[in-house]
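To start, the structure under review is shown below, and the notes come after it.
The values are calculated or read from the model by the stated rules, or taken from the named source; none is laboratory data. Remember, predicted model here, so these are calculated numbers, not experimental data. We place every Cβ from the backbone using ideal geometry, glycine too, and count neighbours over all the protein chains shown. Only protein heavy atoms, including side chains, enter the accessible area calculation; ligands, DNA and RNA are left aside. Shrake-Rupley method; radii C 1.70, N 1.55, O 1.52, S 1.80 Å.
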Amino acid sequence: MRVDYDELEKVICALTEGETDAVALMATLACEIHHADDRFDWTGFYRVVAPELLKIGPYQGGHGCLVIPFARGVCGAAARTGEVQLVEDVDAFPGHIACASSTRSEIVLPVRNGAGEVIAVLDIDSDRPAAFDAADSEGLSRILGKVFANVG
Ligand code: SME
C-alpha cells in the first residue's frame, strides 16, 4: 500500500507528542515510516556526530553502514547541502554507498532541530527504480519539521 502522509503525520504526532529526545523520536519515526509503505525497504537515520561526519541511528531493515563522511554517498550529499536528495537510479549517483545490492532508488532528507541546524538525515531505500517523488519529499519533510521542531 502507498502511504497517506496526512494520516501518517497524525499517527506520528500523537505518538511523539511532548517528546524532545532525538533518538526516541528517530526510533519511533523509523518504525512508523518503514511500515507505512511497501516501497520502503530500508528506513533509518544517520546522525551528525562531528563536523562533516554521520553515524548510523535508529533504523528498520537490513544492516546499514555505520559511518558516512559528508563527502560521500547520498546521505553525505543531503547533510552537506541541506537539500532533499531524490535519487531515481542509485547506480547513476556518483559515490552512492550500497548497503544492499537490491537498492534501486533512494530518498534522503535533512533533519533540522528547532534552531534550524541539520542534526541528522533520514534515508529511505527501495528495490524499485524511481520509487520516490515530490509527494514523498513534501510529506516526509513536513513530518520531520513538526517532530524535530522542539529538539535542542
Ligand atoms: N545509500 C546511502 C548509505 C546508507 S545505506 O543505504 C543504509 C548513501 O549512499 O549515503
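Using a simple spin-label model with pseudo-atoms 7 Å out from Cα toward Cβ, V23 and K146 lie 2.6 nm apart. Residue-wise HN-Hα couplings along segment 110-117, as the Karplus relation 6.51 cos²θ - 1.76 cosθ + 1.60 with θ = phi - 60° gives them from phi, are x, 10, 10, 7, x, 8, x, 7 Hz; Gly and Pro carry x. Of the whole protein surface, D91 contributes about 120 Å² of accessible area at a 1.4 Å probe radius. Using a cutoff of 8 angstrom between alpha carbon atoms and counting only pairs six or more residues apart, the relative contact order for the chain works out to 23 percent.
Note on segment 14-65 and segment 68-100: Cα centroid distance 17 Å, given to the nearest whole angstrom. Once R0 is set to 30 Å, what does the formula 1/(1 + (r/R0)^6) return for the Cβ-Cβ distance between L53 and R2, expressed as a FRET efficiency to the nearest 0.05? Computed FRET efficiency for L53 and R2: 0.30. Note on S102 and E138: the extension gain reaches 10.4 nm, defined as 0.36 nm multiplied by sequence separation minus the Cα-Cα distance.
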